Amino acid sequence: MSSNIIRSASCALAFVLSSLCAIPAASAGTDDAFGTFYVQQRKAYYEGQYAPEQRREILEYLLSEMQRSETPRRHGPLLWIAQEFSTIGKPSLAIPILRDLVSDTSRPLCARSAARLELGLAQYRSGDANGALSTWDAIAKDDKNVTKPIRGMAADQMRVHFMTNGDWASVFEVAQYELDNHLAENVAALSETVARSARRTGDFVTAERYYKKLLEEFPDYRAKNRMLYVEKALITVRFEGDRYQVGYLEGMEAKAREYEKIAKSEGTVFAEVYAEYIGLATSYMTLENYCRINGVDMSLSAEEVSSRALRLFRDGLDGLRNLPLELRANIEYMSSMYNAVDGIASICAAQGSQEEAVRVLESFLATLDDADPSLKKSIQRRVQSLPLQASVVR
């Protein structure tokens with residue numbers, strides 16, 4: 001079960017009660033003796049005065065005291081008790097309470113809507129995923145009795161479930177419904193979800209349209225360095241099914257070069273650009289190897305492929321060497337460094353420059369005093385595998 005579903009539902013409930021109902025969850029229906037008692041017990045509950053194994057007992061006691069009081073039908077306390085039953089792993093005790101809240105037309109509409117949302121979560125936690133999805137689907141499509149924020153929350157729950165289970169066709173359907181019915185709080189993020197799910201289901205035309213939408217309408221959706229990945233996704237869908245086309249590699253290199261210039265104009269650097277150079281260089285080498293093994297004609301000579309790959313490896317390596325420490329966490333820094341060094345050494349060795357290959361590897365090895373021992377051993381083995389042995393292998 002996804003923790004995101006649990007977390008978002010709990011946040012949604014608090015939002016619904018406080019923002020939509022304009023009634024604080026802790027004080028709703030607490031203006032008499034029982035109300036005072038309820039607030040005190042709830043405070044003690046949250047302050048950890050009860051051991052985890054006592055929580056069910058306390059909740060059952062509060063429920064029985066509420067039923068004995070003169071005005072037992074209080075939506076705030078009932079909703080909280082049901083939510084806590086569900087949270088502590090007793091959703092079967094929450095479901096009857098929530099069904100009662102949902103069916104009672106004398107209750108405020110916002111409280112009934114919140115109860116419907118929580119009912120779906122309790123069903124999900126009880127193992128009834130189909131029941132939960134049915135409940136959330138009904139909420140999302142109820143444009144007469146449920147406000148848009150709650151409808152959006154229900155749709156979010158369904159989408160997270162489908163995404164967790166790899167059902168990308170359903171993710172696309174729900175996300176598209178949210179956009180079409182203006183249920184999305186973050187249109188940019190949901191547009192990216194539509195693009196991703198469309199791509200996963202093979203609808204590359206729709207994926208391309210939504211990636212374009214992100215870049216044109218939401219240029220500040222992510223930090224500029226992270227928007228490179230949206231650009232990459234857009235170029236990728238254009239070549240989906242044949243990722244090793246030279247056009248894809250050339251398009252990505254041009255876009256990465258553009259982002260490098262943007263970074264320099266802003267007086268900074270984008271770690272992602274240099275990692276991308278190294279990835280593209282690796283793809284050039286993979287392309288050449290694939291075409292050679294499978295007898296596929298290339299639009300580039302093997303020499304040109306090696307030349308482009310070597311340039312990209314070196315540009316990527318130079319960029320990473322000068323990368324400020326605080327930016328290295330943005331990428332898989334050490335593996336990118338190793339891939340670049342290994343790629344340069346491989347090309348140099350293939351071209352007959354074993355001395356240069358050894359020099360590159362040993363130079364990198366000398367910088368790894370505090371590195372993972374397994375990485376150092378990998379480089380040492382790589383040096384030893386070259387025809388010309390290094391004079392000193394650390």
- Task: Please identify every one of the GluC sites (Glu not before Pro) in segment 291-365 that sits in a loop by DSSP and has no more than 13 other beta carbons within 10 Å of its own beta carbon.
- Result: Glu332
- Message: Just to check I understand the Karplus step: with θ = phi - 60° and J = 6.51 cos²θ - 1.76 cosθ + 1.60, what whole-Hz values come out for segment 151-161, glycine and proline as x?
- Response: 4, x, 5, 5, 4, 4, 4, 5, 4, 4, 4
- Roughly speaking, to the nearest percent, how much of segment 195-288's 1.4 Å accessible area is carbon and sulfur? 46 percent
- Query: Which one of Ala189, Trp136, Ala154 has its Cα pushed farthest toward the positive end of the charge dipole of segment 75-214, where Lys and Arg give +1 and Asp and Glu give -1 at the Cβ?
  - Reply: Ala189
- What does the convex hull of the alpha-carbon atoms of the chain project to on average, in nm²? 26.0 nm²
- Message: Let's see if you can work this out: charge +1 on each Lys and Arg Cβ, -1 on each Asp and Glu Cβ, no other charges. What is the dipole magnitude of segment 210-341 about its Cα centre, in debye to the nearest 20?
- Response: 180 debye
- To the nearest 10 square angstrom, what accessible area does Cys110 show with a 1.4 Å probe? 30 Å²
- Work out the length of the dipole vector of the chain about its Cα centre, built from +1 on the beta-carbon of each Lys and Arg and -1 on the beta-carbon of each Asp and Glu, and round it to the nearest 20 debye. 380 debye
- Item | Rel. contact order, % - alpha carbon contacts under 8 angstrom, at least six apart, the chain | 8 percent
- Query: Can you put Val160, Val273 in order of accessible area, largest first, using a 1.4 Å probe?
  - Reply: Val160, Val273
- Message: Output the 0 to 90 degree angle, nearest 10, between the alpha-carbon long axis of helix 3-15 and the longest principal axis computed from the alpha carbons of the chain.
- Response: 50 degrees
- Query: Where does the charge balance sit around Ser86 when Lys and Arg score +1, Asp and Glu -1, over other residues with C-beta under 9 Å from its C-beta?
  - Reply: 0
- When the convex hull of the C-alpha atoms of segment 136-246 is computed, what volume per residue in Å³ does it have? 105 Å³
- Taking Lys43 as the anchor, which lysines have their alpha carbon closer than 30 Å to its alpha carbon, excluding any fewer than eight residues away along the same chain? Lys90
- Query: Quick one, what does Rg over Rh come out to for segment 204-277 if you take C-alpha atoms and the Kirkwood Rh?
  - Reply: 0.98
- Note on the structure: For Ala357, the net charge from surrounding residues (Cβ-Cβ under 13 Å; K, R +1; D, E -1) works out to -2
- Message: Quick check on segment 162-222: what are the equivalent-ellipsoid semi-axes from the Cα gyration tensor, as sqrt(5λ), descending, whole Å?
- Response: 18, 14, 10
- Heavy-atom accessible area per residue - segment 199-273, 1.4 Å, Å²: 52 Å²
- Contact order relative to length for segment 279-394, counting C-alpha pairs under 8 Å separated by 6 or more residues, stands in percent at 18 percent
- In the neighborhood of Ala198, defined by Cβ-to-Cβ distances under 10 Å, what is the net charge if each Lys or Arg adds +1 and each Asp or Glu adds -1? +2
- Message: Can you compute the modelled spin-label distance between Arg359 and Ser299, with each label point 7 Å from Cα toward Cβ, in nm?
- Response: 3.5 nm
- Taking a straight Cα-to-Cα line shorter than 18 Å from Lys224, and setting aside same-chain aspartates and glutamates fewer than 8 residues away, one finds Glu192, Glu216, Glu253, Glu258, Glu260, Glu266, Glu272, Glu276, Glu326
- Item | Spin-label pair Ser378/Arg99, simplified geometry with 7 Å Cα→Cβ offset, distance in nm | 5.6 nm
- Which is farthest toward the positive dipole end of the chain among Leu228, Leu79, Asn330, measuring Cα position about the Cα centre, with Cβ charges +1 (Lys, Arg) and -1 (Asp, Glu)? Leu79
- Query: Working out 0.36 nm times the residue gap between Ile88 and Asp142, then minus their Cα-Cα distance, what length gain in nm do you get to one decimal?
  - Reply: 16.5 nm
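The values are calculated or read from the model by the stated rules, or taken from the named source; none is laboratory data. Just so we're clear, the structure is a prediction, and the values are computed from it rather than from any experiment. Positions of Cβ are backbone-derived with ideal geometry, glycine not excepted, and every protein chain shown enters the neighbour counts. Accessible surface areas use protein heavy atoms only, side chains included; no ligands, DNA or RNA. Shrake-Rupley method; radii C 1.70, N 1.55, O 1.52, S 1.80 Å.
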